[in-house]
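A quick write-up on the structure given underneath.
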Amino acid sequence: MKIGIVGTGVMGGHHLRLVNSIPELQLACAADNNRNNLETACKPYTLNKFSDYRKMVDQVDAVMISTPTESHFEIAKFFLENRKHVLIEKPITQTILQVDELIRISQQENLILAAGHPERFNPAVIHIKKLVNKPVFIEVQRLGSFSPRSLDVDVILDLMIHDIDIILQCDQSDIKTINASGIPIISKKIDIANVRLEFNSGLVTNMTASRVSQKKTRKLRVFQKNRYFSIDYKKQRVKTYSLNQGQIDEEIPEIRQVEPLFTLWGNFQKSITGDSHDNVTAPEARNALQIAIHILEHIKPIEI
């Protein structure tokens, strides 16, 4: 299966490496209008390089779009209309109208359209998926240091959208209320945000995201009746606390560490061949995007 990578920045570099490591995939080509990025990222690989992504179209079966969010729609639409399968970095598009148009084309052409939400395939998240049952409270901390690569979007669409997607796997009921606050620090967009969501099921979530923190933290805590899970995304580790005859039992299961992007690519390849369909689908990415947009509409800026 011939794969092309559009966008060879930091994430594009990771995708080049992962595709090159999977025997079922052939790293055919890459495109970037920044020649320095293109040459640097592609130096370890034998592949064709283009400054115009449209010139890739006859050399690929599928593409990964790893460009700034504002260009996702235009590039994805081009490849879908040329009957190529598409994987897109999060957030899938800028607007709901855009993702709806991409979904329409992919369904019309019977193509795979998936989103790059790799945290869904974190081994720790996969482990607790079968254990979470009617959670009542979820707390998230996703804190990172400054990186200029995603300043085209707010921290909600840059970082928090990962956790929005995970939470939507735990509870499919509609959101009843949104309380959000945020502040720009190093960009003109929101760089730190705290969001409280209340779902119709009764679930309450509290999410904090920052891209100006000194210490990188990626933690998720899920509380349900008689049980509590603490997940460290970064270490791919889970701690489980259970109430057993009045005592709290702690368990730290053995979890085999796997790079989530490796699983993401494997699942994308299998979905194209029809062996499985364990992607973050475009409709699921749409749901996460819609909630992120609602949060941005409700956010109350903090004055400094």
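The values are calculated or read from the model by the stated rules, or taken from the named source; none is laboratory data. Because the structure is predicted, anything quoted here is derived from the model rather than measured. Methodologically, a virtual Cβ is constructed for each residue, glycine included, from the backbone with ideal geometry; neighbour enumeration extends over all protein chains shown. Protein only, heavy atoms only, side chains kept; ligands, DNA and RNA dropped before computing areas. Shrake-Rupley method; radii C 1.70, N 1.55, O 1.52, S 1.80 Å.
What the table below lists for this structure:
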read-out	value
Options K176, K129: the member that is closer than 26 Å to I255 by Cβ, open to solvent by 30 Å² or more (accessible area, probe 1.4 Å) and charged (D, E, K, R)	K129
Near pairs, Cβ below 9 angstrom, 6+ apart or cross-chain, from region 65-76 (without any contact (Cβ under 8 Å) to a residue 60 or more places away in the chain) to any residue that is open to solvent by 10 Å² or more (accessible area, probe 1.4 Å) and not in a helix (DSSP H, G or I)	I65/E89; H72/E89; H72/Q94; F73/Q94; F73/T95; A76/L113
Members of region 181-193 found to be open to solvent by less than 10 Å² (accessible area, probe 1.4 Å) and in contact (Cβ under 8 Å) with a residue 40 or more places away in the chain, listed by number	G182, A193
Some residue of region 104-118 being in a helix (DSSP H, G or I) and surrounded by 19 or more Cβ atoms within 10 Å (Cβ to Cβ)	yes
Check on Q236, of a type outside the set (A, V, I, L, M, F, W, C) and surrounded by fewer than 15 Cβ atoms within 10 Å (Cβ to Cβ)	no
Filter pass, H14 being closer than 24 Å to K270 by Cβ, out of contact with any strand residue (DSSP E or B) (no Cβ under 8 Å at 6 or more places or on another chain), surrounded by 15 or more Cβ atoms within 10 Å (Cβ to Cβ) and not β-branched (V, I, T)	yes
R237 closer than 30 Å to K189 by Cβ and touching a residue at least 24 places away in the same chain (Cβ under 8 Å)	no
Region 54-97, subset open to solvent by less than 70 Å² (accessible area, probe 1.4 Å), of a type in the set (A, V, I, L, M) and part of a helix (DSSP H, G or I), residue farthest from C29 (Cα to Cα)	I96
Selection count, region 250-272, where residues are part of a helix (DSSP H, G or I), open to solvent by 30 Å² or more (accessible area, probe 1.4 Å) and touching a residue at least 40 places away in the same chain (Cβ under 8 Å)	3
Test: residue in region 205-215 that is in a loop (DSSP other than H, G, I, E, B), touching a Lys or Arg at 6+ places or on another chain (Cβ under 9 Å) and open to solvent by 50 Å² or more (accessible area, probe 1.4 Å)	no
Qualifying positions in region 23-52 - under 19 Å from I112 (Cα atoms) and either touching a residue at least 40 places away in the same chain (Cβ under 8 Å) or among the aromatic types (F, W, Y) (or both)	E24, L25
